[in-house]
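Contents: one structure, followed by commentary.
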Amino acid sequence: MGIVVQKFGGTSLADSEKIKNVARAVIKEKENGNNVITIVSAMGHTTDFLIKLSEEVSNVPSAREMDMLLSTGEQVSASLLAMAIEEMGHPAISLNAWQVGIETEPEYSNARIIDIKTERLNKHLEEGKIIIITGFQGIANGDITTLGRGGSDTSAVAVAVAVKANRCDIYTDVEGVYTSDPRIVPNALPLKEISYEEMFELAHVGANVLHPRSVETAREFEMPMRVRSSFKLDNLGTLIIGVDKMEVTKPVTGVARDNSQVRVVICDVEDKPGNASKLFNLLAANNLSVDMIIQSYARSSNNTNDIAFTIASENLNRFKAHEEEIKSILNLSNIFIDENISKISIVGSGMIDRPGIAAGMFQSLAKAGINIKMIATSEIKISCLVDREDSEKAVVELCRHFELDGLEVAEVRGNLPSDVL
Ligand code: ASP
Ligand code: MG
């Protein structure tokens, strides 16, 4: 008997009726002749609610207590789902991370899984039970840890890898992965397949479909994943697999927008060896990670460069605390911060060795009168920074240019959920 691992997100488990609906979906997979392990997120917006509660009692809650608190949400949905499945006549058991043995690095709030014990899982599967596991949580040195927001996806893939499952299905309330965010591009197209690499890039640039680490783990162990709807069980959604197993036709697979960064421009940095190193060492020492980086061509008149980069908006205050230090080590007077920006990215395995893709992107932005503020590329991704007010137009134009939209407005896929797009 094969093993299928499933994961259900918070919007699919938001109330008792939805939990019963999930119970039916789980049983359906079991009745297909598979052993089933189901990973659950917390119900609806429970995690946000718990965070709010913590803010009401403490300005700086300890990371340990935060993980203790946030991990409770998943325990509620796991036990309720197990009850609902038993009520429908199938043996089920819920387990938390400690009961399974999901070990993580000893780090709170963003821990990485290092090992998953399979003894208890195999035993319950042999007993014919459906296993429900709390997503998002792990244990380290006798404490509860969590994997970071959206981390249940990663719990699911890691469990699938540990038990050598046939595949890992991520159920949500949209019908799969789309070429772009349907709230911006109403006629975005559903994708039948996408490669791990493309999904990984899209997950990183603001398409909040999946926790990026889940895709990273699936890619490493070649675990096939599906993103599919918990309300339309006949629709198989989007399959995420290795690019070698796909027939790549279009150069670009998806367009994403990321509104979570700010741009910093360090002006008039003297053009001499060591300055960039000083600057970025200081940022690194303060745990400020940088995304796009551009250094301008040195002007011969005063022999200085401008260095621009982007950081996460949530780190802006921490950056500002070091502004004076930066000015003093680089001996300069001006640092500009631009918060009103969006990063627009096109992603596609098909752009490798195909000329003209960047030109096509810049041309369609130019035609729409959109100014590009920064550009960065990787093998399968091109990102442009634009003014935030231009960002929706940019995404729409790029979908049109790269034929990623349909003629008709796509059927509404549930209530576009907060945890999905
Ligand atoms: N409940 C956690 C969150 O809201 C984990 C998850 O849903 O994957 O981020
Ligand atoms: Mg999610």
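The values are calculated or read from the model by the stated rules, or taken from the named source; none is laboratory data. Small disclaimer: the values here were computed from a predicted structure and weren't measured. Counting neighbours? That spans all protein chains shown, and the Cβs are built from the backbone with ideal geometry, glycine included. Calculation scope for accessible area: heavy atoms of the full protein, side chains included, ligands and nucleic acids excluded. Shrake-Rupley method; radii C 1.70, N 1.55, O 1.52, S 1.80 Å.
Couple of notes before you dig in:
- With K and R counted +1 and D and E -1, the other residues having a Cβ less than 13 Å from that of ALA256 yield a net charge of -1.
- Label sites at ILE337 and GLN295, each approximated as a point 7 angstrom past Cα along Cα to Cβ, lie 2.4 nm apart.
- Ranking ALA160, THR249, VAL269 by how far each Cα lies toward the positive end of the dipole of the chain (charges on Cβ) leaves THR249 at the top.
- Take every DSSP beta bridge whose two residues both sit in the chain; close to 60 percent of them are antiparallel.
- Heavy-atom accessible surface of the stretch 218-338: percent carbon and sulfur, 1.4 Å: 48 percent
- Distance between the stretch 9-67 and the stretch 279-294 - C-alpha centres, whole angstrom: 35 Å
- Computed [θ] at 222 nm, helices only, for the chain once each DSSP H run of length n ≥ 4 contributes -39500 (n - 2.57): -10000 deg cm²/dmol
- For the stretch 154-216, the share of alpha carbon pairs falling in successive 10 Å distance bins from zero is 20, 52, 24, 4 percent.
- Trypsin sites (Lys or Arg not before Pro) restricted to DSSP loop in the stretch 138-177 with at most 15 other C-beta within 10 Å: LYS164
- Gain in span if fully extended, GLU65 to ASN302, counting 0.36 nm per residue against the direct Cα distance: 80.0 nm
- Within the accessible area of the stretch 85-160 (1.4 Å probe), percent carbon and sulfur: 46 percent
- Volume per residue for the stretch 239-340 equals 176 cubic angstrom (convex hull of Cα atoms).
- Rounded to the nearest 0.05, the FRET efficiency derived from the C-beta distance between MET1 and ARG354 at R0 = 25 Å is 0.05.
- Highest mobility in the GNM of the chain, judged by mean-square fluctuation with C-alpha springs under 10 Å and restricted to LYS272, LYS20, LYS28, is found for LYS272.
- Packing-based ranking of 342-355, 308-321 yields 342-355, 308-321, ordered from highest to lowest mean Cβ neighbour count within 10 Å.
- For ILE132, distant residues with modelled amide H under 5 Å away: THR38, ILE93, SER94, LEU95
- Highest to lowest packing among 46-55, 70-79, 101-110, scored as the average C-beta count within 10 Å: 70-79, 101-110, 46-55
- Choice from ILE27, ILE37, ILE329 showing the highest fluctuation, given a GNM over the chain with Cα pairs closer than 10 Å: ILE329
- Cβ-defined net charge surrounding ALA284, 15 Å radius [Lys, Arg +1; Asp, Glu -1]: 0
- In order along the stretch 165-177, the phi-based Karplus estimate (6.51 cos²θ - 1.76 cosθ + 1.60, θ = phi - 60°) of 3J(HN,Hα) comes to 5, 6, 6, 10, 9, 9, 8, 8, 10, 10, 8, x, 8 Hz; Gly and Pro are listed as x.
- The base-10 log of I(q)/I(0) for the chain, evaluated at q = 0.09, 0.14 Å⁻¹, reads -0.62, -1.29 [Debye formula, identical scatterers on Cα atoms, solvent excluded].
- Restricting the calculation to alpha carbons of the stretch 293-373 gives Rg and Dmax of 17.1, 46 angstrom.
- Kirkwood Rh in Å, taken over the stretch 197-268 so that all alpha-carbon pairs contribute: 14.4 Å
- Counting only protein heavy atoms and a 1.4 Å probe, the chain has 45 square angstrom of accessible area per residue.
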